Amino acid sequence: MISTPTALRARLRRTALIVGLVLVTPMLSACTQEDIDWLFAIGEEWGRANGVIDEAGNINYGQAVMQVFGVPSGDSLVDAALDAGSVVANLEDAERLAREGIESGDIAKVEAAIEARTKDWGFHEQKAGLLMAQGDFAGADRAFADSESLVRDQISKGGDCRLLARNMFTHRINALETQLGLQPNDQLRSKAAETQSQLDALAANRSISFCS
């Protein structure tokens with residue numbers, strides 16, 4: 001628990017900054033569970049410090065409803081913290097849909113996650129891996145292309161190609177390895193090997209075709 005108003009405000013400012021980056025930088029939209037847990041921990045600290053969450057862990061829903069319906073708190077730091085919670089909830093909902101879709105083989109749930117986070121290329125990578133596992137190789141190629149298009153859009157706005165490519169290929173290898181553990185086929189193995197070679201080249205600071 002943060003013990004001083006100054007420290008609390010510093011953490012809230014940091015949270016607001018991170019959430020802003022999530023909104024404008026798709027690199028951060030596919031958060032790890034550790035990232036999400038950390039943001040929720042910040043929200044809980046704020047809630048306890050400001051009386052929204054009591055000692056038993058219960059939420060003051062009256063105040064929460066006022067915030068949901070747009071009643072301002074009068075404190076920009078508090079409003080930022082509440083906005084952060086909304087963004088993180090959106091991230092977690094999309095992650096849950098994608099996870100359920102991957103586990104059940106339901107492509108519609110992965111597409112729902114994409115609809116919720118349209119600029120998150122990580123979900124396109126998961127969709128591609130699932131389609132490849134299901135034998136829809138043309139669909140998988142389109143999903144990979146959609147992911148790459150989102151990354152190139154960020155590059156065109158000044159993003160670092162190698163950094164963005166590493167993020168994309170990391171999502172790709174994770175998606176492919178997940179499907180290799182569920183329903184492997186030769187195309188998945190080949191794509192995983194190709195993707196790993198791209199990551200190895202990036203790690204060794206060699207050139208890759210994606211950034212040429």
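Each reported figure results from applying straightforward, stated rules to the coordinates on display, with no laboratory input. Please read these numbers as outputs of a predicted model, since none were measured by experiment. When we count neighbours, we look across all protein chains shown, and the Cβ atoms used for this are built from the backbone with ideal geometry, even at glycine.
Projecting label points 7 angstrom from Cα along Cα→Cβ for A145 and S212 puts them 2.0 nm apart. Spin-label model, F137 to I155: label points 7 Å out along the Cα-to-beta-carbon direction sit 2.5 nm apart. Taking 0.36 nm per residue of separation and subtracting the Cα-Cα distance, full extension of the segment from L163 to L199 would add 11.9 nm.
When each of the peptides 161-170, 146-155 is scored by how many other beta carbons lie within 10 Å of its residues on average, the order from highest to lowest is 161-170, 146-155.
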